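What follows is a short report on a single structure.
No lab work stands behind these numbers, since they all come straight from the coordinates. Keep in mind it's a predicted model, so treat the numbers as computed, not measured. Counting neighbours? That spans all protein chains shown, and the Cβs are built from the backbone with ideal geometry, glycine included.
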Amino acid sequence: MPATSAPASTRTVDRALELLAAVTDHAPVTLTDAARTVDLPASTALRLLRSLELSGLVARDEAGLYRPGPRLIQLGARAFTREPLVRLAHDPMEEVVRRTGESVYLAVQADAETAVYLAIVEGTHSVRHTSWVGRTVPLEGTAVGRALRGQAPAGGHVLVADTVEPDVTALSAPVMAGGVAAGALSTLVPAYRCTEELAQRCAAALVDATAQMSQALGGPAS
């Protein structure tokens, strides 16, 4: 019986998935390099990338380079979360509390504009930030938002004061997987207690914890 070729629609989906994988594996990547990776003409790759961009699965920056888009990051985060990512974060979060005494949260990107807190390990101080699990916060202007949007320095953290809540200083570091932020760990510290020494201690603890988680997810160790 002669072999039958795959329908054109199936081939299109296959090519789009291959391109999506190429962008995810090699981001940031040019159109030419992405097309070469999957052995497609640049014109075909551009048409497929435009469709992926419209759906939010890839994003193109001002330099014309392609990266995983917000929708793909959201789907990836959901694949890691609720169960696996929360379990993975538990021991590193406990260590952050041990080193700092401050409450620490795990958050992921909920959509293009917000992050959602998935888990907390409460601090040991009598005055401490208590559970925001399940609450969403804006990505714009927040420490966790900057971490999730890739705006933290490599192997570093973000500090923002007085954003979602007054008199609270937030420090956040990203958990990296496949070159994108799959989540972030944050400490929320009452401003009156957030000395330079404590901020440095929180930052170091968060960076160590997220590096441990990133390594477990196949990302960079720092």
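Taking the number of other C-beta atoms within 10 Å as the exposure measure, put Cys194, Cys202 in order starting with the fewest. Spell out each step's value before the answer.
Working: Cys194 21, Cys202 28.
With the sparsest Cβ surroundings first, the list reads Cys194, Cys202.
Grab the Cα-Cα distance for Arg36 and Ala154, subtract it from 0.36 nm times how many residues apart they are, and report the gain in nm with one decimal. Kindly include the intermediate steps, with their values, before the conclusion.
Details: separation 118, 0.36 × 118 = 42.48 nm, distance 2.84 nm.
The Arg36-Ala154 span can extend by a further 39.6 nm.
Starting from the Cα of Glu62, step 7 Å along the direction of its Cβ; do the same at Ala216; then give the gap between the two resulting points in nm.
3.8 nm
What ratio of Cα Rg to 2.2 N^0.38 Å holds for the chain? Show your work: numbers first, answer last.
On the way: Rg = 19.9 Å, N = 222, 2.2 N^0.38 = 17.1 Å.
Here the Cα radius of gyration is 1.16 times the empirical estimate.
Using label points projected 7 Å from each Cα along Cα→Cβ, tell me how many nm separate Arg47 and His125, to one decimal.
It is 6.0 nm.
Scan around Ala177 for amide H atoms under 5 Å from its own, H built in the peptide plane at 1.01 Å from N, and keep only partners 5 or more places away or cross-chain.
For Ala177, whose amide H was placed from the backbone, the distant partners under 5 Å are Ala182.
If you place +1 on the Cβ of every Lys and Arg, -1 on the Cβ of every Asp and Glu, and leave all else neutral, what size is the dipole of the range 75-216 about its Cα centre, to the nearest 20 Debye?
On the way: 11 positive and 15 negative charges, 51 e Å.
With only Lys, Arg, Asp and Glu charged at Cβ, the dipole is about 240 debye.
Taking 25 °C and 0.890 mPa s as the conditions, I'd like the Stokes-Einstein D for the range 8-68 in µm²/s, using the Kirkwood hydrodynamic radius from alpha carbon pairs.
222 µm²/s
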